[in-house]
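Heads up, the thing below is written out as structure tokens.
Read-outs: derived from the displayed coordinates by stated rules, not from any lab. Quantities reported herein were computed from a predicted structural model and do not represent experimental measurements. FYI the Cβ positions are ideal-geometry reconstructions off the backbone, even for glycines, and counts take in every protein chain you see.
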């Protein structure tokens, strides 16, 4: 009985430590992505929006991981409902960011395809003249 109690306490400390580490990593990634995104915005970098969204998505994944770990140590139903709500909200944000990344990549590919078509048309016109 004593060993089980010691293991339970050790698990709780380990999970709390991991939660703090994941939260710090997530916040750090989001801050870094935001600063890098701002610098790319000032430079008018074409990849700015995609890079920022990817950084935010990765940061949110770490934050989501910490919320999932919280489910291991919660004991009360109100805490469970709160953690579940936070998980749902962060998962929805992550989904929206991934959708935004996919749309940006699709737009980029369409622009590149149009540019190639225009180059081919110009090359064909040059051959016929």
### Query
Taking 1 over the mean of 1/r across every pair of different Cα atoms in segment 70-129, what Kirkwood radius in Å do you get?
15.6 Å
### Query
Taking Cα atoms, how many degrees apart are the long axis of helix 48-73 and the longest axis of the chain, rounded to 10 and kept between 0 and 90?
20 degrees
### Message
For a protection proxy built on the mean count of beta-carbon atoms within 10 angstrom, sort 46-54, 73-81 highest first, please.
### Response
46-54, 73-81
### Answer label for Rg/Rh (Cα atoms, Kirkwood Rh) (calculated), chosen among [x] 1.12; [y] 1.04; [z] 1.28
[z]
### Task
Return the single residue from 90, 43, 116 with maximal mean-square fluctuation; model: Gaussian network over the chain, springs between Cα atoms under 10 Å.
116
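Defining a contact as two alpha carbons under 8 Å apart and six or more residues distant in sequence, what relative contact order in percent does the chain show?
26 percent
Counting helices only, and only those DSSP H runs with n ≥ 4, report the 222 nm mean residue ellipticity of the chain as the sum of -39,500 (n - 2.57) divided by its residues, in deg cm²/dmol to the nearest 500.
-34000 deg cm²/dmol
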#### Entry: Spacing of the two label points (7 Å from each Cα toward its C-beta) at residue 89 and residue 120, in nm
4.9 nm
